[in-house]
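Take this structure first; my questions come after.
Please treat every number below as a calculation from the coordinates, not as lab data. Given the structure is predicted, the values throughout are model-derived calculations rather than measurements. Heads up, the Cβs are rebuilt from the backbone with ideal geometry, glycines too, and the neighbour counts pull from every protein chain shown.
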Amino acid sequence: MERYYTLAEGCPYASNSTSVQVRGGGGGLGLLQDTQLIETLAHFARERIPERVVHAKAAGAYGDFTVTNDCSDITSASFLNQVGKTTPVLLRISTVGPEAGSADTARDVHGWAMKLYTDEGNLDWVFNNTPVFFIRDPIKFPSLNRSHKRNPQTHLPDPNMFWDFHVGNPEGFHELLHLFSDRGTPASLRHMNAYSGHTYKFTTKDGSFKYVKIHIKTTLGIRNLTKEESTQLGGENPDFLIQDLFEAIEQGNYPVWNVYVQVMDPSQAEKYRWNIFDMTKVWPHEDFPLRKIGKLTMNRNPQNYFTDIEQAAFSPSTLVPGIAPSADPVLQARLFSYPDAARYRLGVNYQQLPTNAAKAPVYCPFQRDGLMNFSNNYGADPNYVGSSLQPTKFYQEVKGIGPSALSTLTEHEQWVGQVCSFQSHITDEDFVQPTALWEVLGKEPGHQERVFGNVAIHLRQVKSSRLRHAVYDLFSRIAPDLGAGVQKATEALVSS
Ligand code: HEM
C-alpha cells in the first residue's frame, strides 16, 4: 500500500499548505480544532532534550569487538571467553567542556564511551583519550568542569577561572601536560587512543581477581593537529572530526583499534610505588606491559543520530560478571553519577530506549512502572524478589558458581581501606610521572616547543600576574625548562 502522512495517532494528515482558519477582513483566525497545526507547533517546541552537562558534542558509530587472545585466566567475562568471539558495540566519542554546537577540533580531552552489547548484559567502557585525569577526589569534579566552562557573568570561556582552579589543585598538572601537548587536538578520531584511566578488576569464578587498566590503541597511528590547524578548522568546519569518522565508515574505510590490558596482582598493588587508586598516575609499561585481548572495528554509521547517539546513556556502573570496579574514589563516584544523569536527561526508563536496551535477556520485574514505560511492564509477574508463587533463580544458582575465595579478599580490603586517604596531599611524587611524559614529548622534534605556544595562547588571557607565575612555578616542578619555556612564550604575548 502506498504510504501517506498521518498525525502521530494515525489520522491522515491532509496537507501542509494551509492551517485551518476563519478568514475575514484580509486576515485569518486559527482554530483550536486544527489539531495538525497545534501538534506540529507543540512537538517542535519540545524537540530538544537537555544536552549532557559535559561531553555534549560527539560523533558516534557502531562496530564489533572481537577476542583475539585468550584471557580466561584473568576474567570469567563471557564475551571474552573464546578467541574469535564477537560482540556488537556502540561508540560515542566526544569533547568534554564546550556545548553541542562547538567546534570539535578545539583543544580538549576527548571522551570515549563504548557500549558492548554482550551475551551477559551490557558493558559500558566510559573512557577518555588520556590515561590520567585532572583530579583524584570526586568532590572536585563539578568545580573542575565549571572552571573549564563559561564565566557566570560574561558567559565567555574564562582562562582566569581555568588556571585558578588548576593552581589550587596541582594534582591535575599531569593531565594538563597531556591536554596542552599535541594530543589535546587529535586530527581524527580514527587516529586516537583511549584509556580506562581507572583501575578496574577482572574477576574469575573462584572469587579471585586481578587489577587491570584497559588501553585501546589505534592501528592507524596517532595523528594530531597543531594549534594553528585546529583553530583554522574550528572556523572552517566545526564538525570536522564527526565528518571524518562518518565519511570514512560510509566509504568502507573502517577504523580498527587493538585492545590491551595491563594486569596487576593485588599483592603487587600493596607494594607498588604508585597508588593504584590515584587516577593522576599511570602504571608505566615497563612495570606492567600491555597484554592484547581483542580488537575493535567500527563499521556502521548511526541510522538516526538522536535515537542512536543522543539517547545513548553510558555508565561505568554498567558492568557484566567478570569485570568489577576498584576502590578508586573517582570511579566510585562515577558509578552513582551517570545513571543519575541519565534519569534526569532521558527519564527513569532510559534503559528501555532502543540504543540502551541489552541484547541479552533482561528480567528485572522489581524495576517497573515510571514515566514513559513502553515495555509490557512484566505483565502479571510478581513485583518483589523471591516470590514462592512464581520462583525465579539467581545467576549463581543457574551458573553453579561457588562461594568466593573470601580470605585473601578480606586481607586485601584492609589494605584498600588504609590507602584511600591519599587524595588531598600533593608531594614531589606527583611530578615524577609528568616529568617522564615531558621527556617522551622531547623525543619528537618540536613537540616541547609547541607545548609552550599551546599553553601561552591560553594563559596569556589570565589577567593576574601572580596567577600566571603560579602556573610557571608548577610547570617548573615538572621540568625547569618547561616552566621557563611557558613563561617566556606567555609573557611575550602578554606584553605584545
Ligand atoms: C568524579 C568524576 C566524574 C564525574 C562525576 C563524571 C560525570 C559525568 C556526567 C554527569 C556525564 C554526563 C552523562 C550524561 O548526561 O549522560 C559524564 C559524561 C562522560 N564522562 Fe564523566 N565524570 C567523571 C569523570 C570522568 C572520567 C575520569 C572519565 C574518563 C576516564 C569520564 C568520561 C566520560 C565520558 C566519555 C562521558 C560521555 C558519555 C557519553 O558519551 O554519553 N568522566 N561524566
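Rounded to whole Hz and in sequence order, give me ³J(HN,Hα) for region 148-155 from the Karplus expression 6.51 cos²θ - 1.76 cosθ + 1.60, θ = phi - 60°, writing x for Gly and Pro.
With coefficients 6.51, -1.76 and 1.60, one gets 8, 9, 8, 5, x, 9, 6, 6 Hz.
For a quick check: with amide H placed at 1.01 Å from N, whose amide H comes under 5 Å from residue 56's, ignoring anything fewer than 5 positions away on the same chain?
none
Something else now. Got the relative contact order for region 428-495 handy, in percent, Cα pairs under 8 Å and 6 or more residues apart?
39 percent
What number, in percent, do you get for the relative contact order of region 1-149 if the mean sequence gap of Cα pairs under 8 Å and at least 6 apart is divided by its residue count? Walk me through the numbers before you get to the answer.
Details: 201 pairs, mean separation 23.4, N = 149.
Once normalised by length, the contact order is 16 percent.
Kirkwood-based Rg over Rh for region 435-496 (C-alpha set), two decimals?
Numbers: Rg = 11.3 Å, Rh = 11.6 Å.
Radius of gyration over Kirkwood radius for region 435-496 works out to 0.98.
Something else now. Can you give the FRET efficiency to the nearest 0.05 for residue 373 and residue 44, using r as the Cβ-Cβ distance and R₀ = 30 Å?
0.75
Tell me, Kirkwood radius of region 140-203 from alpha-carbon pair distances, in Å? It would help to have the intermediate numbers written out before the result.
Working: mean 1/r = 0.0713 Å⁻¹.
Averaging 1/r across every pair of different Cα atoms and inverting gives 14.0 Å.
Can you list the residues of region 446-488 with backbone N under 20 Å from a point 7 Å past the Cα of residue 229, pointing along Cα to Cβ?
446-458
Going by how many other beta carbons lie within 10 Å of each one, how would you line up 281, 463, fewest first?
Working: 281 24, 463 9.
The order, fewest Cβ neighbours first, is 463, 281.
To continue, here is another question. Which of 9, 270 comes first, and how do the rest follow, when ranked by fewest Cβ neighbours within 10 Å?
Working: 9 7, 270 14.
Ordered by Cβ neighbours within 10 Å, fewest first: 9, 270.
What does the extension gain come out to for residue 205 and residue 19, with contour length at 0.36 nm per residue minus their alpha carbon separation? Each step should come with its number before you reach the end.
Values: separation 186, 0.36 × 186 = 66.96 nm, distance 6.55 nm.
The span from residue 205 to residue 19 would gain 60.4 nm if fully extended.
Where does the chain land at 222 nm, in deg cm²/dmol rounded to the nearest 500, when only DSSP H runs of n ≥ 4 count, each adding -39500 (n - 2.57), divided by all residues? Walk me through the intermediate numbers first.
Values: 14 runs with 153 residues, N = 496.
Value at 222 nm, helices only, nearest 500: -9500 deg cm²/dmol.
OK, next. For region 89-98, what does the Karplus curve 6.51 cos²θ - 1.76 cosθ + 1.60, with θ = phi - 60°, yield as ³J(HN,Hα) per residue in whole Hz, taken in order and with x for Gly and Pro?
3J(HN,Hα) across region 89-98, in whole Hz: 9, 10, 10, 10, 10, 10, 8, 9, x, x.
A further question on this structure: Which percent of the Cα-Cα distances in region 276-403 go past 23 Å?
Details: 4528 of 8128 pairs.
When every Cα pair of region 276-403 is considered, 56 percent fall beyond 23 Å.
State the three equivalent ellipsoid semi-axes of region 47-159, derived from the C-alpha gyration tensor as the square roots of 5 times its eigenvalues, in descending order and whole Å. It would help to have the intermediate numbers written out before the result.
Details: eigenvalues 235, 54, 28 Å².
So the equivalent ellipsoid measures 34, 16, 12 Å along its semi-axes.
Let me ask you something else. Please state the charge dipole magnitude for the chain, taken about the Cα centre, from unit charges on C-beta atoms (+1 on K and R, -1 on D and E), reported in debye and rounded to the nearest 20. Don't skip to the end; give the middle numbers.
On the way: 46 positive and 52 negative charges, 44 e Å.
The dipole magnitude comes to about 220 debye.
Here's something else I'd like to know. For region 1-109, just the Cα set please: Rg and Dmax, both in angstrom.
Calculated on Cα positions, Rg and Dmax stand at 25.4, 84 Å.
Another question about this same structure. Among 223, 460, which comes first, second and so on when ranked by fewest other beta-carbon atoms within 10 Å?
Numbers: 223 13, 460 17.
Listing 223, 460 from fewest to most nearby Cβ atoms yields 223, 460.
Quick one: Cα centre-to-centre distance for region 20-96 and region 323-398, in angstrom?
20 Å
Going toward the positive end of the dipole of the chain, with +1 on Lys and Arg Cβ and -1 on Asp and Glu Cβ, which of 78, 469, 193 do you reach last?
Farthest towards the positive pole: 469.
To continue, here is another question. Could you run the Karplus curve 6.51 cos²θ - 1.76 cosθ + 1.60 with θ = phi - 60° over region 158-163 and give me ³J(HN,Hα) per residue in whole Hz, x for Gly and Pro?
Values per residue, Gly and Pro as x: 10, x, 4, 5, 3, 6 Hz.
Report, largest value first, the span of the C-alpha coordinates of region 1-47 along each principal axis, in whole Å.
Computed over region 1-47, the largest-to-smallest principal extents equal 42, 28, 15 Å.
To continue, here is another question. Give me the extension gain from residue 426 to residue 492: residue separation times 0.36 nm, minus the current Cα-Cα distance, reported in nm with one decimal. Don't skip to the answer; put the middle values down first.
Values: separation 66, 0.36 × 66 = 23.76 nm, distance 3.05 nm.
Taking residue 426 through residue 492 to full extension adds about 20.7 nm, to one decimal.
Express the relative contact order of the chain as a whole percentage, based on alpha carbon pairs under 8 Å and six or more residues apart in sequence. It would help to have the intermediate numbers written out before the result.
Numbers: 877 pairs, mean separation 83.5, N = 496.
Once divided by the residue count of the chain, the mean separation gives 17 percent.
Moving to a separate point now. Report the one residue of 11, 24, 44 whose Cα lies farthest in the direction of the positive end of the charge dipole of region 1-47 (charges on C-beta: Lys and Arg +1, Asp and Glu -1; origin at the Cα centre).
24
Same structure again: Jot down the per residue volume, in cubic angstrom and as a whole number, of the convex hull over the alpha-carbon atoms of the chain. Walk me through the numbers on the way to the answer.
Values: hull volume 107.4 nm³, N = 496.
For the chain, the hull spanned by Cα atoms encloses 216 Å³ per residue.
If a paramagnetic tag sat 7 Å from the Cα of residue 345 along the Cα-Cβ line, which residues of region 79-103 would have the backbone N under 18 Å from that point?
The answer is 90-103, whose backbone nitrogens lie closer than 18 Å to the label point.
Taking a 21 Å limit on the Cα-Cα distance, which of the listed pairs 140/201; 201/359; 227/443; 57/359; 217/359; 205/393 fall beyond it?
Details: 140/201 25 Å; 201/359 24 Å; 227/443 19 Å; 57/359 27 Å; 217/359 26 Å; 205/393 18 Å.
Too far apart for the 21 Å limit: 140/201; 201/359; 57/359; 217/359.
Please compute the volume of the convex hull spanned by the alpha-carbon atoms of region 347-496 and report it per residue in Å³.
Working: hull volume 44.2 nm³, N = 150.
Hull volume over Cα atoms, normalised by residue count, gives 295 Å³.
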